[in-house]
1. Is there any pair linking a residue in the range 94-106 that is within 21 Å of ALA71 (Cβ to Cβ) and free of Cβ contacts under 8 Å to residues at least 60 places away in the same chain to one that is of a type in the set (Gly, Ala, Ser) and in a helix (DSSP H, G or I), with Cβ under 9 Å and at least six apart or on different chains, and which?
2. Among the strands (runs of 3 or more DSSP E) confined wholly to the range 39-120, which include 1 or more residues that are of a type in the set (S, T, N, Q) and surrounded by fewer than 10 Cβ atoms within 10 Å (Cβ to Cβ)?
3. Please determine, by comparing only the residues of the range 25-38 that are in contact (Cβ under 8 Å) with a residue 40 or more places away in the chain and part of a loop (DSSP other than H, G, I, E, B), which one is farthest from ARG83 (Cα to Cα).
4. Checking the structure you have, find out if any residue of the range 89-99 is in contact with a helix residue (DSSP H, G or I) (Cβ under 7 Å, 6 or more places away or on another chain), at pLDDT 80 or above and hydrophobic (A, V, I, L, M, F, W, C).
Amino acid sequence: MTTVSSAPGAPRSRSPSGQGRRGLPARGAHISPPATASTHVNPDPLRKRKLLLLEKEINKLIGKVERAGYALVPLNLHFAKGRGKLDVGFAKGKKQFDKRDAEKEKDWERAKARLMRNKG
């Protein structure tokens with residue numbers, strides 16, 4: 001699990017290790033402003049945000065997503081000290097045979113329920 005920070009308009013800073021921070025775009029996420037936010041400014045909850053990560057972390061995430069076939073999944077979003085913190089994890093999809101087994105199980109459950117309804 002990796003924690004990334006999202007700060008609107010945050011300056012690009014250098015980390016102590018000399019690695020530069022870059023932004024990773026987060027699109028399509030609906031992030032409502034917290035209740036304690038300003039009442040006279042209504043930002044768009046679907047706007048593009050920049051996730052601040054070290055270049056090494058970005059390369060590691062991209063490598064797992066592109067080469068290993070994982071999907072990057074948000075696990076937790078919370079606000080701390082005026083910044084949004086996002087915990088992300090990796091997920092791997094089902095194999096084709098797992099999908100077929102799950103479909104057979106669903107079909108059997110539906111048929112069983114239909115038989116029980118018609119019987120009684």
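The values are calculated or read from the model by the stated rules, or taken from the named source; none is laboratory data. Remember, it's a predicted structure, so these values are computed and weren't measured experimentally. Every residue, glycine among them, receives a Cβ derived from its backbone with ideal geometry; neighbour counts consider all protein chains shown.
1. Listed by first residue and then by second, the contacts come to LYS94/ALA102.
2. On the way: elements: 49-54, 71-80, 83-91.
Of the strands (runs of 3 or more DSSP E) lying wholly inside the range 39-120, none has at least 1 residues that are of a type in the set (S, T, N, Q) and surrounded by fewer than 10 Cβ atoms within 10 Å (Cβ to Cβ).
3. Within the range 25-38, the subset in contact (Cβ under 8 Å) with a residue 40 or more places away in the chain is 26, 29, 31, 34.
Within this subset, residues satisfying the condition of being part of a loop (DSSP other than H, G, I, E, B) are 29, 31, 34.
Working: ALA29: 16, ILE31: 12, PRO34: 11 Å.
If we take residues in the range 25-38 being in contact (Cβ under 8 Å) with a residue 40 or more places away in the chain and part of a loop (DSSP other than H, G, I, E, B), then ALA29 is farthest from ARG83 (Cα to Cα).
4. Filtering the range 89-99 for residues in contact with a helix residue (DSSP H, G or I) (Cβ under 7 Å, 6 or more places away or on another chain) gives 90.
So of that shortlist, the ones also at pLDDT 80 or above come out as 90.
Still in the list and also hydrophobic (A, V, I, L, M, F, W, C): 90.
Yes, the range 89-99 contains at least one residue that is in contact with a helix residue (DSSP H, G or I) (Cβ under 7 Å, 6 or more places away or on another chain), at pLDDT 80 or above and hydrophobic (A, V, I, L, M, F, W, C).
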